[in-house]
Amino acid sequence: MKMDKEKVIDIISMLGYFVLAYFSIELFSINKYDWMMDVGDTVCSIPHQSLSNRTLQASIAAFFLVTPLLIALLRNIYIRNRYKTWLYTSGILGVTIYGGWMFFGRFIWC
């Protein structure tokens with residue numbers, strides 16, 4: 001029973017990290033032209049920042065959001081904890097995919 005409680009706590013803490021990453025990515029990915037959006041406009045209706053600017057923002061966001069998960073992943077690979085290894089791997093993938101969408105994917109979609 002104790003192991004199940006620890007796994008639930010680990011999953012809840014990873015969900016909390018996803019919430020933190022969501023708000024942080026939203027903050028980092030603010031387009032300098034977002035103020036031009038009217039009610040009902042989409043991201044496709046505003047000018048886009050240059051790719052080099054978006055790449056710099058994405059790199060900084062990835063460094064701050066993925067590095068703690070990567071450190072935890074490497075630690076759990078070292079101590080051979082398979083459950084947490086998969087948990088942190090899914091966390092890294094989730095943050096990376098969402099961040100990639102916010103910084104690049106939604107503008108490529110237009």
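The values are calculated or read from the model by the stated rules, or taken from the named source; none is laboratory data. Keep in mind that what you see is a predicted model, and the values were worked out from it rather than measured. For neighbour counting, all protein chains shown are included, and Cβ atoms are generated from backbone atoms with ideal geometry for every residue, glycine included.
Descriptive notes on the structure:
- Segment 70-110: number of residues that are within 11 Å of the chain's Cα centre (by Cα) and modelled with pLDDT under 90: 6
- If you go through segment 23-38 and keep only what is surrounded by 11 or more Cβ atoms within 10 Å (Cβ to Cβ), at pLDDT 70 or above and farther than 17 Å from Gly105 by Cβ, you end up with just Ser24.
- For segment 71-110, the set of residues classified as surrounded by 13 or more Cβ atoms within 10 Å (Cβ to Cβ), basic (Lys, Arg) and either without any contact (Cβ under 8 Å) to a residue 12 or more places away in the chain or farther than 19 Å from Ile9 by Cα (or both) consists of Arg75, Arg106, listed by residue number.
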